[in-house]
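One structure is given below, encoded as structure tokens.
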Amino acid sequence: METIYEIAALRDELKNIRMAGKKIGFVPTMGNLHEGHISLVHEALKQADIVVSSIFVNPLQFGANEDLDNYPKTLENDQQLLEDNGCHILFTPSVKEMYPNGQGIETIVEVPALSNTHCGASRPGHFRGVATVVTKLFGIVQPDFAVFGMKDFQQLAVIRRMTADLSLPVEIIGVPTARNSKGLALSSRNGYLDNEQLDIATQLFATLNWLKEQIEGGDSDYSALEEAANKRLEDNGFSRDYVHICSQSELLPANENDQDLVILAAAQLGPARLIDNLAFSLS
Ligand code: PAF
């Protein structure tokens, strides 16, 4: 696997690959890779001749009080993991390479319809940062398709909408959330938790499954169910962020007529803000 740090060098390399008629798959990441990321690489390898992954901790998607400075950087391990799992090219640019004109005045990409609710309400500006960097990475890599994890359900919706609205010629592929044996969604942020907290963390997905059972059992008082789920999480030691029962298509509050639902949830556990979701259809 080749590691490339500069946009011009990556473009040179990919130009020849594209001219040879090869299909390019792209897996953007912020590094600190785990099995969840590797499942994205495996998915990309199924469909691409060449898989490019990126590691870039994007400052634009972190709020002032968030963990940008402490975000784990494990480049050597990540390189080994990507190489062992068949990735062909790693692109890992510096902040200066990505934002040469400085931050705060860079061109931005907004997806207003989907960015200001759920995680976007708790993390103002986060999805603007994501949409901007992903648009930029698509412009640099020009992949045939790009693969994202479904754990970040809202992020995936924002990226799909951004790609459609800007008519970008990139197919977006979502891969189901990778979980440990107890159901906990794999996340770089799990690394902030001790063993006891890791055990408690499994209650997040357990609570989503409990909610799903209530809904499938006929309970359609969604506000009361959301409150009960938040309470259940608090009783287990989480601090409340949100639990929302939504329509899958627009991520709006679900009503009794919606059949395709997704429960989106975020909660703070000790040092980590954890998110998870559960999508399902009634009938
Ligand atoms: O999901 C992530 O790791 C990041 O939000 C992404 C998509 C790589 C953009 O920085």
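The values are calculated or read from the model by the stated rules, or taken from the named source; none is laboratory data. Keep in mind the model is a prediction, meaning the values are calculated, not measured. Glycine also receives a Cβ, built like all others from the backbone with ideal geometry; neighbour counts cover every protein chain displayed. Areas reflect the complete protein model, heavy atoms only, side chains present, ligands, DNA and RNA absent. Shrake-Rupley method; radii C 1.70, N 1.55, O 1.52, S 1.80 Å.
Residue check: LEU274 meets all listed conditions (1) under 30 Å from TYR71 (Cβ atoms); (2) open to solvent by 40 Å² or more (accessible area, probe 1.4 Å) but one, namely (2). Annotation: GLY218 fulfils all but one of (1) within 16 Å of the ligand (Cβ to nearest atom); (2) over 19 Å from the mean Cα position of the chain (by Cα); (3) part of a loop (DSSP other than H, G, I, E, B); the unmet one is (1). Among the residues of the range 20-50, those identified as part of a strand (DSSP E or B) and within 15 Å of the ligand (Cβ to nearest atom) are GLY25, PHE26, VAL27, PRO28, THR29. For the range 51-107, which positions are among the hydroxyl-bearing types (Ser, Thr, Tyr), open to solvent by 30 Å² or more (accessible area, probe 1.4 Å) and over 26 Å from GLY120 (Cβ atoms)? Selection gives THR74, SER94.
Looking at LYS231, LYS136, LYS182, which is the one that is assigned to a helix (DSSP H, G or I), away from the ligand (no atom under 16 Å from the Cβ) and open to solvent by 30 Å² or more (accessible area, probe 1.4 Å)? Steps first, answer last, please.
Working: LYS136 fails: away from the ligand (no atom under 16 Å from the Cβ); LYS182 fails: assigned to a helix (DSSP H, G or I).
The conditions single out LYS231.
For GLY120, indicate whether it is crowded, with 19+ Cβ neighbours inside 10 Å, more than 11 Å from the ligand (Cβ to nearest atom), at pLDDT 95 or above and not hydrophobic (A, V, I, L, M, F, W, C). In short, yes. With respect to being touching a strand residue (DSSP E or B) at 6+ places or on another chain (Cβ under 6 Å), open to solvent by 20 Å² or more (accessible area, probe 1.4 Å) and not in a strand (DSSP E or B), ARG160 fits the description.
Out of LEU168, LEU184, report the one residue that is over 30 Å from LEU14 (Cα atoms) and free of Cβ contacts under 8 Å to residues at least 60 places away in the same chain. Break it down stepwise before answering.
Details: LEU168 fails: over 30 Å from LEU14 (Cα atoms).
Just one listed residue meets the conditions, LEU184.
Those helices (runs of 4 or more DSSP H) of the range 67-117 in which 3 or more residues are closer than 22 Å to VAL51 by Cα and touching a helix residue (DSSP H, G or I) at 6+ places or on another chain (Cβ under 9 Å) occupy 75-84.
Could you tell me how many of the residues in the range 5-46 are in contact (Cβ under 8 Å) with a residue 24 or more places away in the chain, open to solvent by 70 Å² or more (accessible area, probe 1.4 Å) and not hydroxyl-bearing (Ser, Thr, Tyr)?
Applying the first criterion (in contact (Cβ under 8 Å) with a residue 24 or more places away in the chain) to the range 5-46 yields 5-7, 10-11, 13-14, 17-18, 22-45.
After this cut, where a residue has to be open to solvent by 70 Å² or more (accessible area, probe 1.4 Å) as well, the list is 5-6, 11, 18, 22-23, 35, 42.
Narrowing further to those that are not hydroxyl-bearing (Ser, Thr, Tyr): 6, 11, 18, 22-23, 35, 42.
The qualifying residues number 7.
Please give the number of the condition TYR222 fails out of (1) out of contact with any helix residue (DSSP H, G or I) (no Cβ under 6 Å at 6 or more places or on another chain); (2) open to solvent by 50 Å² or more (accessible area, probe 1.4 Å). TYR222 satisfies all of (1) out of contact with any helix residue (DSSP H, G or I) (no Cβ under 6 Å at 6 or more places or on another chain); (2) open to solvent by 50 Å² or more (accessible area, probe 1.4 Å) except (2).
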